[in-house]
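Visitor: Take a look at this one; I'll ask things after.
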Amino acid sequence: MTPSLLIEQTLNGVQFGIMLFLMSAGLTLVFGIMNFINLAHGSLYMIGAFAGAATQAATGSFALAIVAAPIAAALAGLVLESALLRRFYGRDHLDQVLVTFGTILALNEATRILFGLTPLRMDLPSALAGHVEIIPGAPYPTFRLAILAVGLLVAASLYVIIMRTRLGMWVRAGASDRQIASAMGVNVPLVFAALFATGAALAGLAGVMAAPILSVQVGMGEPILILALVVTVIGGIGSIRGAFVAALLVGVVDTFARVLLTPALGGMAIFMTMAAILAFRPKGLFPAHG
Amino acid sequence: MRHVLAPVFALGLLSGAAFGAEPVRIGFLSTFSGPSGQLGQELLDGFNLALDQNGRAIGGRPVELIQGDDQAKPDVGRQVAEKMVEQDKAQILTGVNFSNVMLAVARPVLDAGAFIVSSNAGASQFAGAQCNPHFFAASFQNDTASEAMGLYLQNKGVKKIYLLAPNYPAGKDFLAGFKRAYKGQIVGEVYTTFGQLDYAAEIAQVRAANPDGVYFFYPGGMGVNFVKQYDQAGLKKTIPLYGPSFSLDQTVLPAIGDAAVGAYASAFWAETFDNPQSKKFVADFEAKYHRIPSPNAAVAFDTARLLDAAARSIGGRIEDKPAFQKALENVKFESLRGNFRFNTNHYPIQDFYLTEIVKDAQGRPVMAVREKIDSDHKDAYVGQCKMPPAN
C-alpha cells in the first residue's frame, strides 16, 4: 500500500466513522441517559432520508432538504415518544426491544405504503458533487468532506451543550437520579421528551447526510443500526465522547479490514474488535455511569 | 332450493369442462416484503399486464392467480409453495425471483405434479444435471448476462478488468460466468460483505490498481450505493463501469440517477428495444403503473404470453402433461426479446446486447442498446442435462 493510498484509506475510515457517529450520538444519549433501548432509531434515520429526498424532489432545494430532514425526524420522534415509547421507560429492556422492534416493522410498512418500494434518490448540488484533490493523484469527493465537517460540528456542539449549559446539567441530573432531579424542580418528562427529540433529529440528520451516498429505501435503517449499536457498546453506553472515539475506531478498523483481510474476516473485524474491547473493559471505553 | 340448484351447478361444471372454462390455477410465488419486495411487485405487474390484455385467460380458460410471499426465505417459500400445489391445486408455479428459494421450492412442486415456469430465477442446477421435464425457465440462466459482458470485453480487447461482487452464492456465480468468457487479465477480484453500505475503501483500491474497466454485480440497494459512490469519486470517466442489466435496470436506475449515465450493461432486453411488441409493452406498462418497466417485468410479461401460446396450441388442455410439455418446448409467441426459444434443457436460447445508460427525452436514465454481443446465446450447463422422457 503506497503512502498516498494509506492516507486516502485512513481518511475513508475516519469519514465512515463520522457518519456512524452522527447515527450513534442520538442512540447513546437515549440509551445511556434515559436507560431506553430504541431499536427504532434506524427508522428515524430512514425518515430523515425520505423526508430529505421528498423535500428535494418537491422543491428542488438541497439546503431545504437538509433542514427538513432533522425536523421531520424530530417530529416523528416526539409523536412516537409521547404516544407509545414513554410508557416503556420504566419497563425492562426486553419489553423496550420488543416495542421498538415492532415500531421498525410498522414504520417500514408505512414508508412502503407512502413512497413505494422503488428506492428514491437525493442529488447533490454542483458545489458538493465534485471532488477535491487533497491527496495528490487521489481526488476526494467534496460531499464526504462535508460529512466530516458536519460530524465534527455536531460532536463539538453536543459536548458544549451537555457539559457547559443548564440544559445539559438537567439532562445529566435526570440521568443520575430521576427522582431527586424531579424533587429539585427539574421537569424530567419534559427533559426526556426533548432529549428523545434531539436524538431523533440527529438520526434524521444522519439519514439526510447519507441519502446522497446511499440508496434511500425502505429498511435502510437496519444495517446502520447494527453498526451504531456496536459503536454505542464499544464507546460506553451514554457517553458522547465514547461514541465519538468508538465511531472513528470502527470506521478505521472496518475500512482497513475490508481492504487487507479476506471477505469473511473483513466483515467480522469490527465485531471481533468489540469482543476484544469488552473482554478488557466490560462497560466500554468511556462508561457514562461509574 | 338446493334441489332446484343442484342440477344447474352440475350442468355448469359439465359445460365448464367441455368448453374449457375450468380455470387454470397458477401459483405466483415471489418476494413481496422486505428490501427485495420491489422485485416481486415488478414481476407481478408484468405478469398481470399480460393477463389483463388477454382477458385474464390462459389458453382460452380463465386464470385463478394464487399469490404468495416467500419473504426471500427458502423455508418460507417452500411452505407457501407446498400449500399452493396441495391445498389450492396450483397447476403451474411461477414468479420466484431468488435462486436459493427456487432450489427449495422446485422439488415439492414438481413431485406434486405441477409445472414450474420460472419468470426470473435461473439456477444452474436445473439447467444441468437436475434438469426436469416439467421445469422451464422463461427468463435466463443466471450466468449468461455475465458471460455476455465477458465476451464483449474480450472481443473488444480490453486488457485489465477489476471484479467486484457481494460475498454470497450469486455474486460468485456472476463473476464465474464473467471469467468463463473473459480471458484478459483480472487485476482484482473483491467480494464484499452482503449488504455493505460504504464502498469508499474498495473504490480507492480500484483507483490504485488502475484497471481498464470494472465489472460489478451488486443487486438492489448495494448497486445504488456502489454506483453513486463510484461516480462521486470521479472514476466513472477514467475507468468505465460494466455490469449485468440486473445491476443497472429500472429497479435501481431511478435511485442512482445521473451517476449511472455512461455505465454499460449487458442485457437480453432493454426498455428502449426497437420492436413493435416491446414498444407497446413499455407504453402500456408506463400508462398503467407510472414507471418504466425493468427486464424483470418484461420477462414476467413474456412468461404469461408464453403460457398462453403453449396452452392455446393444445386447446387449453394443460392437464395432458406430456402434451403441455411438448407445447412449451416448441412454443411460438412474439417475445418482447425478439429472438427466443427453449433449449433442450428448457432454458432460453436468446440474444444479448450491450447497452449504455443514457438519459431519455424526459431526463430519466435508461438502458440504450448499442450493439448485439451474441446471437442465440446458450448457457454453459446444457451439456450436463440428460432430459428424461416426457411424463
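Visitor: In contact with a Ser or Thr (Cβ under 7 Å, 6 or more places away or on another chain), of a type outside the set (S, T, N, Q), within 23 Å of A:ILE213 (Cβ to Cβ) and buried (at least 24 other Cβ atoms within 10 Å of the Cβ), is that true of A:ALA40?
Guide: So A:ALA40 passes the test.
Visitor: For the range A:236-269, enumerate the residues that are β-branched (Val, Ile, Thr), open to solvent by less than 50 Å² (accessible area, probe 1.4 Å) and closer than 20 Å to A:ALA155 by Cβ.
Guide: Across the range A:236-269, the qualifying residues are A:ILE240, A:VAL250, A:VAL252, A:VAL253, A:THR255.
Visitor: Something else about it: Which one is most open to solvent (accessible area, probe 1.4 Å) among residues in the range B:168-195 that are within 14 Å of chain A (Cβ to nearest Cβ) and either among the hydrophobic types (A, V, I, L, M, F, W, C) or assigned to a strand (DSSP E or B) (or both)?
Guide: Ranking the candidates gives B:PHE194 first.
Visitor: Is there a residue being facing another protein chain (nearest Cβ under 10 Å) and touching a helix residue (DSSP H, G or I) at 6+ places or on another chain (Cβ under 9 Å) anywhere in the range A:152-161?
Guide: Within the range A:152-161, not a single residue is facing another protein chain (nearest Cβ under 10 Å) and touching a helix residue (DSSP H, G or I) at 6+ places or on another chain (Cβ under 9 Å).
Visitor: A further question follows. Open to solvent by less than 10 Å² (accessible area, probe 1.4 Å) and in a strand (DSSP E or B): does that describe B:LEU164?
Guide: For B:LEU164, the condition - open to solvent by less than 10 Å² (accessible area, probe 1.4 Å) and in a strand (DSSP E or B) - is met.
Visitor: Just to be sure, is A:VAL218 assigned to a loop (DSSP other than H, G, I, E, B) and not charged (D, E, K, R)?
Guide: So A:VAL218 passes the test.
Visitor: Here's something else I'd like to know. Restrict the check to the range B:153-160 and report whether at least one residue is surrounded by 20 or more Cβ atoms within 10 Å (Cβ to Cβ) and in contact with a Pro (Cβ under 6 Å, 6 or more places away or on another chain).
Guide: Among the residues of the range B:153-160, not one is surrounded by 20 or more Cβ atoms within 10 Å (Cβ to Cβ) and in contact with a Pro (Cβ under 6 Å, 6 or more places away or on another chain), which makes the answer no.
Visitor: Run down B:ASP198, B:ASP212 and say which single residue is within 10 Å of another protein chain (Cβ to nearest Cβ) and of a type in the set (D, E, K, R).
Guide: Selected residue: B:ASP198, the only one of B:ASP198, B:ASP212 that is within 10 Å of another protein chain (Cβ to nearest Cβ) and of a type in the set (D, E, K, R).
Visitor: On to the next question. Could you tell me how many of the residues in the range B:313-335 are part of a helix (DSSP H, G or I) and crowded, with 18+ Cβ neighbours inside 10 Å?
Guide: The qualifying residues number 5.
Visitor: Take the residues of the range A:212-235 that are open to solvent by less than 10 Å² (accessible area, probe 1.4 Å), at the interface with chain B (Cβ under 10 Å from one of its Cβ atoms) and over 11 Å from the mean Cα position of the chain (by Cα): which is nearest to A:PHE62 (Cα to Cα)?
Guide: Looking at the filtered set, the residue picked out is A:PRO212.
Visitor: Turning to a different aspect of this structure: Tally the residues that are open to solvent by 80 Å² or more (accessible area, probe 1.4 Å) and over 16 Å from A:ASN35 (Cα atoms), restricting the search to the range A:175-194.
Guide: So the count comes out to 4.
Visitor: For the condition in contact with a Ser or Thr (Cβ under 8 Å, 6 or more places away or on another chain) and not basic (Lys, Arg), what is the one hit in B:ALA298, B:ALA310?
Guide: B:ALA298
Visitor: Let me ask something else. May I ask you to list the residues in the range B:220-237 that are under 21 Å from A:LEU128 (Cβ atoms) and not small (Gly, Ala, Ser)?
Guide: Selection gives B:VAL224, B:ASN225, B:PHE226, B:VAL227, B:LYS228, B:GLN229, B:TYR230, B:ASP231, B:GLN232, B:LEU235, B:LYS236, B:LYS237.
Visitor: Additional query: So, of the residues in the range B:198-210 that are hydrophobic (A, V, I, L, M, F, W, C) and surrounded by fewer than 21 Cβ atoms within 10 Å (Cβ to Cβ), which turns out to be nearest to B:TYR242 (Cα to Cα)?
Guide: Within the range B:198-210, the match that is nearest to B:TYR242 (Cα to Cα) is B:ALA209.
Visitor: List the helices (runs of 4 or more DSSP H) that sit entirely inside the range A:1-85 and contain at least 2 residues that are within 14 Å of chain B (Cβ to nearest Cβ).
Guide: So the answer is A:3-34, A:41-59.
Visitor: Could you tell me which residue of the range A:98-151 is nearest to the other protein chains (Cβ to nearest Cβ), considering only residues that are of a type in the set (Asp, Glu) and not in a helix (DSSP H, G or I)?
Guide: Restricting to residues being of a type in the set (Asp, Glu) and not in a helix (DSSP H, G or I), the top hit is A:ASP123.
Visitor: Out of B:GLY213, B:GLY223, report the one residue that is within 21 Å of the chain's Cα centre (by Cα), at pLDDT 90 or above and either buried (at least 24 other Cβ atoms within 10 Å of the Cβ) or not charged (D, E, K, R) (or both).
Guide: Only one candidate qualifies: B:GLY223.
Visitor: Starting from the range B:229-245, take each residue that is at the interface with another protein chain (Cβ under 10 Å from one of its Cβ atoms) and part of a loop (DSSP other than H, G, I, E, B) and list its partners that are β-branched (Val, Ile, Thr) and open to solvent by less than 10 Å² (accessible area, probe 1.4 Å), counting only C-beta distances under 9 angstrom and pairs at least six apart or across chains.
Guide: Final answer for the pair search is B:ALA233/B:ILE203; B:ALA233/B:VAL206; B:LEU235/B:ILE203; B:LEU235/B:VAL206; B:LEU235/B:VAL214.
Visitor: Name the single residue that is modelled with the lowest pLDDT among those in the range A:77-124 being open to solvent by 70 Å² or more (accessible area, probe 1.4 Å) and among the β-branched types (Val, Ile, Thr).
Guide: Result: A:ILE113.
Visitor: Filter the range B:42-98 down to the residues that are open to solvent by less than 10 Å² (accessible area, probe 1.4 Å) and of a type in the set (Asp, Glu), then identify the one that is nearest to B:PHE301 (Cα to Cα).
Guide: So, considering only residues that are open to solvent by less than 10 Å² (accessible area, probe 1.4 Å) and of a type in the set (Asp, Glu), the one nearest to B:PHE301 (Cα to Cα) is B:GLU42.
The values are calculated or read from the model by the stated rules, or taken from the named source; none is laboratory data. Worth saying up front: this structure is predicted, and the values here are computed from it rather than measured. Because the Cβ atoms are built from the backbone with ideal geometry, glycine has one as well, and the counts that use them run over all protein chains shown. The protein model used for the area step is the full one, side chains on, heavy atoms only, and it has no ligands, DNA or RNA in it. Shrake-Rupley method; radii C 1.70, N 1.55, O 1.52, S 1.80 Å.
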